[in-house]
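Since the structure comes first, as structure tokens, the remarks are kept for the end.
The values are calculated or read from the model by the stated rules, or taken from the named source; none is laboratory data. Quick caveat, the model's predicted, so the values are computed rather than measured. A quick note on method: Cβ atoms are made from the backbone with ideal geometry, for glycine too, and the neighbour counts reach across all protein chains shown. All accessible areas refer to the heavy atoms of the entire protein, side chains included, with ligands and DNA or RNA removed. Shrake-Rupley method; radii C 1.70, N 1.55, O 1.52, S 1.80 Å.
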Amino acid sequence: MQASRQPALFVSHGGGPCFFMDDTRGPFRDMNKDSDTAQWFRDWFSAGGALKAYGKPSAILVISAHWEEDVPTIIDREDHELYYDYYGFPDATYELEWPAKGSPPLVSRVEELLETHELPLKKEKKRGLDHGVFIPLKLALPDADVPVQTLTLTPTLTQSLTLTRALTRR
């Protein structure tokens, strides 16, 4: 069976771990765990969800706005840790768990695609998934049943466009 092509999405993830907070009167009152936005993420793959027509992907590649390197760099781990890259939130938000797995075949595929455009790919073994990755995906995929890999942004527009062409096979 041939894998269907999934859409590319730009996803705003709110403020830090806001979708796991009870804030009803403070700055996150419209982005708390009971908000319409939190529910939108939860519904991604449900009958009326934004991604239902595509089905659950076999793996997800996230280009994180919270991580930039001089050359494209991918997290190359089979078991991810979470990187709590936010500050000043309630203690419980630093205890969130989401046991996502990595996808070695996806890392290999990204490497192949970048090679076609003569782009290097650095592999990172220590970094965890930042909140721009794990917050929306923890809502959409609470069972962490789809492997996830994170790829960096690159510092220049030219590099970013080349990276985009490589990943979209153009």
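State whether the residues of the range 92-107 include one that is under 24 Å from Lys33 (Cα atoms) and in contact with a Gly (Cβ under 8 Å, 6 or more places away or on another chain). Within the range 92-107, one or more residues are under 24 Å from Lys33 (Cα atoms) and in contact with a Gly (Cβ under 8 Å, 6 or more places away or on another chain).
For the range 48-69, the condition of being at pLDDT 90 or above, part of a helix (DSSP H, G or I) and open to solvent by 60 Å² or more (accessible area, probe 1.4 Å) holds for none of the residues. Restricted to the range 2-34, and to residues there that are closer than 30 Å to Leu106 by Cα and in contact with a Lys or Arg (Cβ under 8 Å, 6 or more places away or on another chain), the residue that is surrounded by the fewest Cβ atoms within 10 Å (Cβ to Cβ) is Phe20. Is there a residue being of a type in the set (A, V, I, L, M, F, W, C), at pLDDT 95 or above and in contact with a Phe, Trp or Tyr (Cβ under 9 Å, 6 or more places away or on another chain) anywhere in the range 115-125? Taking every residue of the range 115-125 in turn, none turns out to be of a type in the set (A, V, I, L, M, F, W, C), at pLDDT 95 or above and in contact with a Phe, Trp or Tyr (Cβ under 9 Å, 6 or more places away or on another chain). The strands (runs of 3 or more DSSP E) found entirely in the range 73-170 that carry 1 or more residues being surrounded by fewer than 16 Cβ atoms within 10 Å (Cβ to Cβ) and without any contact (Cβ under 8 Å) to a residue 60 or more places away in the chain are 122-124.
Being without any contact (Cβ under 8 Å) to a residue 60 or more places away in the chain and farther than 24 Å from Leu157 by Cβ: is that true of Gly14 here? It is false that Gly14 is without any contact (Cβ under 8 Å) to a residue 60 or more places away in the chain and farther than 24 Å from Leu157 by Cβ. When the test is whether a residue is open to solvent by less than 20 Å² (accessible area, probe 1.4 Å), in a helix (DSSP H, G or I) and in contact (Cβ under 8 Å) with a residue 12 or more places away in the chain, Thr37 does not pass it. Considering the range 1-40, and only residues there that are modelled with pLDDT under 80 and hydrophobic (A, V, I, L, M, F, W, C), the residue that is farthest from His131 (Cα to Cα) turns out to be Met1.
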